[in-house]
Amino acid sequence: MPASVPHSAPSSHAPPAVAEGPVLHVCTTCRRGGPGLDHPPGAQLLDRLTALLEASQQDCPVTLRPVACLASCDRGCTAAIAMPGRWTWLLGHLGPEKAEDLLAYARLYAASAKGTVMPSRRPASLSDMILGRVPATLYPEATVSEQEPS
């Protein structure tokens with residue numbers, strides 16, 4: 001399945017289509033604490049992820065969605081991964097150089113029952129990426145236990 005990367009903001013009247021797999025929301029304004037740039041590292045991360053998904057010869061269930069800010073500027077680049085019935089995770093300390101590993105993590109997330117990928121299964125470059133999580137119980141179809149370890 002090709003990546004879904006909307007380049008313009010969706011209409012305020014119509015919600016985005018529901019993705020079949022995980023949605024990776026990538027902050028395009030993250031600049032890793034550096035000066036303002038025309039093409040900041042967050043946008044570069046999105047570009048790299050898009051290129052990898054488009055070049056992938058395998059089915060990849062990840063949908064990419066750009067967002068303007070995830071309010072973790074001191075821990076950028078940031079992204080959030082979400083899927084119905086699973087934990088939503090806020091991820092940080094990312095960059096274009098970690099795009100391959102981030103997609104590997106997204107595949108593990110998609111294959112998990114509740115949205116938890118234990119640290120021992122994550123790519124080593126992503127050892128410090130977890131900034132927080134949101135319980136799936138905020139969504140009606142979710143049944144994730146709030147006691148599940150990260």
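The values are calculated or read from the model by the stated rules, or taken from the named source; none is laboratory data. Nothing here was measured: the structure is a model prediction, and the numbers come from that model. Note: ideal-geometry Cβ built from the backbone for every residue, glycine included; neighbour counts use all protein chains shown. Please note that ligands, DNA and RNA were not included when accessible areas were found on the heavy atoms of the full protein model with its side chains. Shrake-Rupley method; radii C 1.70, N 1.55, O 1.52, S 1.80 Å.
Residue count for region 25-40 under the criterion of being modelled with pLDDT under 85 and either of a type in the set (D, E, K, R) or touching a strand residue (DSSP E or B) at 6+ places or on another chain (Cβ under 8 Å) (or both): the result is 3. The residue that is least open to solvent (accessible area, probe 1.4 Å), among those in region 56-68 that are at pLDDT 90 or above and outside any strand (DSSP E or B), is VAL62.
Taking region 71-84 as the search range and keeping residues that are open to solvent by less than 20 Å² (accessible area, probe 1.4 Å) and assigned to a loop (DSSP other than H, G, I, E, B), which one is farthest from PRO41 (Cα to Cα)? Among those that are open to solvent by less than 20 Å² (accessible area, probe 1.4 Å) and assigned to a loop (DSSP other than H, G, I, E, B), it is SER72.
Filter region 94-114 down to the residues that are in contact with a Gly (Cβ under 8 Å, 6 or more places away or on another chain) and farther than 16 Å from LEU52 by Cα, then identify the one that is least open to solvent (accessible area, probe 1.4 Å). So the residue we want is TYR109. Would you check if ALA43 is within 14 Å of MET129 (Cβ to Cβ), buried (at least 19 other Cβ atoms within 10 Å of the Cβ), of a type outside the set (Val, Ile, Thr) and at pLDDT 90 or above? No, not satisfied. Just one of the listed residues (LEU90, LEU94) is part of a loop (DSSP other than H, G, I, E, B), under 15 Å from GLY132 (Cα atoms) and either at pLDDT 70 or above or of a type in the set (D, E, K, R) (or both), and it is LEU94.
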